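What follows is a single structure, written as structure tokens, with notes after it.
The values are calculated or read from the model by the stated rules, or taken from the named source; none is laboratory data. Note that this is a predicted model, so its numbers are computed, not measured. With ideal geometry, Cβ positions are generated from the backbone for all residues, glycine too; neighbour counts draw on all protein chains shown. Protein only, heavy atoms only, side chains kept; ligands, DNA and RNA dropped before computing areas. Shrake-Rupley method; radii C 1.70, N 1.55, O 1.52, S 1.80 Å.
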Amino acid sequence: SCIETRTPCQCMVFCNGGNSNLGYLDKTDTAVRCAVSNRIVIGCEHRGGNGTEGTDQFGGDDLNDVIRLIDFCDTMFEFADISDLCVEGESRGGLMTYMTARRDKRVKKIIVCSGISDLFAAFNEREDKMKEVLVRCIGGTPEEMPEEYEKRSAVCWADEIKIPIL
């Protein structure tokens, strides 16, 4: 209705979990999030997933994609009001949400569900294919690339996030 009435609505950017083609919101999930939050919900996709261009970097340069989506909400989507912008993320999307909140001051609050806040621990404690995914997406192990794991680990810079977190 905000598009039809040309009345901007509060906006939420959703960062999905998973990697590649996993974790996207379907139409029902999006509609439920819109109804529950009373906001328009705009989701981002990981590079290389669902036929998109690029390579998933699990919080590397792909963070720019989330920032760019916020730019679109701010400057191109006349139906989006980002004055009280919320970013939500689940699992890997939580990692992206923390990183977005750290980098973009337009974010006013975040919601993180089962988010990865310590990528070192995620690498060392997971017994599934997570290690393969991280090595492929980041380019190495925590021992080989500690600075890359640190920049993706909110536990290393949590004091820099000064907004409400649910």
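Check 160, 88 and return the single one that is of a type outside the set (Phe, Trp, Tyr), open to solvent by 30 Å² or more (accessible area, probe 1.4 Å) and within 18 Å of the chain's Cα centre (by Cα). Spell out the reasoning first.
Working: 88 fails: open to solvent by 30 Å² or more (accessible area, probe 1.4 Å).
The conditions single out 160.
Is there a residue being touching a Gly at 6+ places or on another chain (Cβ under 6 Å) and either open to solvent by less than 60 Å² (accessible area, probe 1.4 Å) or closer than 27 Å to residue 130 by Cα (or both) anywhere in the stretch 56-78? Outline the logic, then answer.
Just the residues of the stretch 56-78 that are touching a Gly at 6+ places or on another chain (Cβ under 6 Å), to begin with: 56.
Then drop every residue that is not either open to solvent by less than 60 Å² (accessible area, probe 1.4 Å) or closer than 27 Å to residue 130 by Cα (or both), which leaves 56.
Within the stretch 56-78 (the criterion being touching a Gly at 6+ places or on another chain (Cβ under 6 Å) and either open to solvent by less than 60 Å² (accessible area, probe 1.4 Å) or closer than 27 Å to residue 130 by Cα (or both)), the answer is yes, since at least one residue qualifies.
Do we have any residue at all in the stretch 98-114 that's touching a His at 6+ places or on another chain (Cβ under 9 Å) and surrounded by 15 or more Cβ atoms within 10 Å (Cβ to Cβ)? Working first, answer last.
Taking the stretch 98-114 and keeping what is touching a His at 6+ places or on another chain (Cβ under 9 Å), we get none.
No.
Of the residues that sit in the stretch 1-46 and are of a type in the set (D, E, K, R), part of a loop (DSSP other than H, G, I, E, B) and modelled with pLDDT under 85, which one is surrounded by the most Cβ atoms within 10 Å (Cβ to Cβ)? Walk me through how you get there before you give the answer.
Here is the first cut: in the stretch 1-46, the residues of a type in the set (D, E, K, R) are 4, 6, 26-27, 29, 33, 39, 45.
Then drop every residue that is not part of a loop (DSSP other than H, G, I, E, B), which leaves 6, 26, 39, 45.
The next check asks that each one be modelled with pLDDT under 85; those that pass are 6, 26, 45.
On the way: 6: 8, 26: 8, 45: 20.
Filtering the stretch 1-46 for residues that are of a type in the set (D, E, K, R), part of a loop (DSSP other than H, G, I, E, B) and modelled with pLDDT under 85, the one surrounded by the most Cβ atoms within 10 Å (Cβ to Cβ) comes out as 45.
Yes or no: residue 117 open to solvent by less than 10 Å² (accessible area, probe 1.4 Å), in contact with a Phe, Trp or Tyr (Cβ under 7 Å, 6 or more places away or on another chain) and small (Gly, Ala, Ser)?
Values: open to solvent by less than 10 Å² (accessible area, probe 1.4 Å): no; in contact with a Phe, Trp or Tyr (Cβ under 7 Å, 6 or more places away or on another chain): yes; small (Gly, Ala, Ser): yes.
So residue 117 does not fit the description; no.
Filter the stretch 131-150 down to the residues that are crowded, with 17+ Cβ neighbours inside 10 Å and not hydroxyl-bearing (Ser, Thr, Tyr) and list them by number. If you could, list the steps in order and put the result at the bottom.
First, pick out the residues of the stretch 131-150 that are crowded, with 17+ Cβ neighbours inside 10 Å: 133-134, 137-138, 142, 148-149.
133, 134, 137, 138, 142, 148 - these are the residues of the stretch 131-150 that are crowded, with 17+ Cβ neighbours inside 10 Å and not hydroxyl-bearing (Ser, Thr, Tyr).
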